[in-house]
1. Check segment 99-119 and report whether any residue there is modelled with pLDDT under 70, outside any helix (DSSP H, G or I), of a type outside the set (A, V, I, L, M) and exposed (fewer than 15 other Cβ atoms within 10 Å of the Cβ).
2. Can you find a residue that is part of a helix (DSSP H, G or I), modelled with pLDDT of 90 or more and either crowded, with 20+ Cβ neighbours inside 10 Å or not hydrophobic (A, V, I, L, M, F, W, C) (or both) anywhere in segment 21-34?
3. Can you name the residue in segment 50-98 that is of a type in the set (Asp, Glu) and touching a helix residue (DSSP H, G or I) at 6+ places or on another chain (Cβ under 7 Å) and is also surrounded by the fewest Cβ atoms within 10 Å (Cβ to Cβ) among such residues?
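The values are calculated or read from the model by the stated rules, or taken from the named source; none is laboratory data. These figures come from a predicted structure and were not determined experimentally. So basically every Cβ, Gly included, is an ideal-geometry build from the backbone, and we count neighbours across all protein chains shown.
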Amino acid sequence: MVGRKFALLFVMFLISSNFVYAQEERLHEQNTLYHYKEGIKAELSNNLPIAYENFQKTLLLAPHDPDWRKCALNGMGVVYARQGDLDNAELYFNEVLKIDPDYKIAEINLGFVYEQKGMSKLECLEYWAKVFELDRLKPKTFVLDQTPLEVEQEKKKILK
């Protein structure tokens, strides 16, 4: 009888601890989202120190989540860029690209940093080409100009 009561109590403990853990996890995610949103609001209202602080809190709350990490680090990079510290902004955007090499937002921001640093258009083009998928959009074969043929056809229509 004692064994059954103990087993029942143990099962109830496991169920309640899983419930508590799920609640804590949900609260943790809500706090992370809250601080990230507050960081965005502060950045948009030009309150850069508060924005940076909230992006740091986001990073502290989710240090091992790659999605939260890249968003928070990108936000911190934007704050540095808006403050004119392009070197630190570049470091943050490159850190984001280590987490997710295809993260277009960080590529765009890095392109802006290089442009503001006065790098040549050719040096910035690498980032813009990635962002706008120029490689995917380029022609697949050589292209001939059809304009002379079209102009000739139009002339024939007019002369008739």
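1. So far as segment 99-119 goes, no, none of its residues is modelled with pLDDT under 70, outside any helix (DSSP H, G or I), of a type outside the set (A, V, I, L, M) and exposed (fewer than 15 other Cβ atoms within 10 Å of the Cβ).
2. Yes, that holds for at least one residue.
3. Glu95
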